[in-house]
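Undergrad: One structure coming up, written as structure tokens, with questions to follow.
Just so it is clear, none of the values below were taken in a lab; they were calculated from the coordinates. All values derive from a computational prediction rather than experimental measurement. Quick reminder, even Gly has a Cβ in these numbers, built from the backbone with ideal geometry, and neighbours come from all protein chains shown.
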Amino acid sequence: MAFKLPSLPFGKSEAELIPQGRLSGPMLWVIAIMVALTVIAAAAGLAFSNTVRNASDALTGGVTVQIVNAQAGERDRQAQAALRALRTTPGVAEASLVSQHEIDRLIEPWLGAPAGGDAAIPVPALIDARMRDPVTGETLGALRRSLRTVAPSARVDAQSTWLEPVFGAIGTLRWLTLALVGVLGFALAAAVLLAVRNALGANRETIEIVHLLGGTDRQIARVFQRSIGFDAAGGGAIGLALGLVVVLLLGRQFGGLGAGLVSSGALGWSDWILLALVPVAGVALAMFTARQTVLRALKTML
């Protein structure tokens, strides 16, 4: 790292304090790796947050009615009766019968292509209903009682209850990514601290001479702060580029799955802006750490 002393009170404009090319030092690449990992972790956390928020919004007020009956004719009769009852029930915004083709498409990955005739597996009829208000236990109880007379085989469930374990796991992963971002920030500050302390120790005599010639602690600290800032800016740019490439590749892979829960975690413009601010935060953290490290060290050194 090349540290240059700013204007000194004893008339020397800018003196080379520690002659070392910035790009040849390891600090730039350490910061680049830290920023890249932070961008990836932050993108994962934002995707998890979007998944939980969008899925919760989509499932709020959603109710699924299953007509479980082995006899196809009786199953269809009860499904139509339940559909009519739901459409006239207060609080129900809309209700629709899921087509058999859609049901076959949903279960095909697990049960294979549906068989015909006597070999066909009885599949419940499904009704998708949307309530005007959030679904509560009282709401589900009222719906079950109203459907019991017209469709004895009906089972009523809130759509959100199916995914509660998934939401819990995603929430845990979101907190883990947040913790990982914090750990990476701490590691970046520790790397800068070690680099600055090593530079101070290796150039102790030079720093003492500069101090005797009139250089203040703040001026010497600005030397290190500015040099670390250049390294952090270069490493941050490289790390941001690497991190975004990885995020885009992972996004394309997950997007190809075509699953609704996965696609709900897509990053928006505000998320990309937050990711772009990661290297800015890294530069600020590196410069602050360098300045405070130098000021504290000089109090005991000189």
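Undergrad: Compute the distance in nm between two label points, each set 7 Å from the Cα along the Cα-to-Cβ direction, one at Leu213 and one at Leu173.
TA: So the label points at Leu213 and Leu173 sit 5.7 nm apart.
Undergrad: At 0.36 nm per residue, and after removing the present C-alpha to C-alpha distance, how many nm does the segment from Arg87 to Arg145 gain when stretched out fully?
TA: Details: separation 58, 0.36 × 58 = 20.88 nm, distance 1.51 nm.
Stretched out fully, the Arg87 to Arg145 stretch lengthens by 19.4 nm.
Undergrad: What ranking, highest mean first, results for peptides 73-85, 266-278 when packing means the other Cβ atoms within 10 Å averaged over each residue?
TA: Details: 73-85: 17.5, 266-278: 14.3.
Ranking the peptides 73-85, 266-278 by packing returns 73-85, 266-278.
Undergrad: Just grab the label-to-label distance for Ala266 and Ala241, each label 7 Å out from Cα along the Cβ direction, in nm (one decimal).
TA: The modelled label-to-label distance comes out at 2.8 nm.
Undergrad: Can I ask one more? For the range 142-203, what is one quarter of the convex hull surface built on the Cα atoms, given in nm²?
TA: Working: hull surface 21.4 nm².
That works out to 5.4 nm².
Undergrad: Between Leu250 and Thr206, take the C-beta separation as r, use R0 = 41 Å, and let me know the FRET efficiency to the nearest 0.05.
TA: Values: r = 47 Å, r/R0 = 1.14.
Once rounded, the FRET efficiency stands at 0.30.
Undergrad: May I ask you to order 27-37, 92-102 by the average number of other C-beta atoms within 10 Å around their residues, highest value first? Walk me through the numbers on the way to the answer.
TA: Values: 27-37: 22.7, 92-102: 13.7.
Per-residue Cβ counts within 10 Å, averaged per peptide and sorted highest first, yield 27-37, 92-102.
Undergrad: Would you mind classifying the range 158-244 by shape? Square roots of the alpha carbon gyration tensor eigenvalues, ordered a ≥ b ≥ c; an a/c under 1.5 is rounded, otherwise it is prolate if a/b is larger than b/c and oblate if not.
TA: Values: a/c = 4.75, a/b = 3.44, b/c = 1.38.
Prolate, because a/c is 1.5 or more and a/b exceeds b/c.
Undergrad: How many nm is it between the label spots at Ile107 and Ala276, if each spot is 7 Å from the Cα in line with the beta carbon?
TA: Roughly 4.9 nm, to one decimal.
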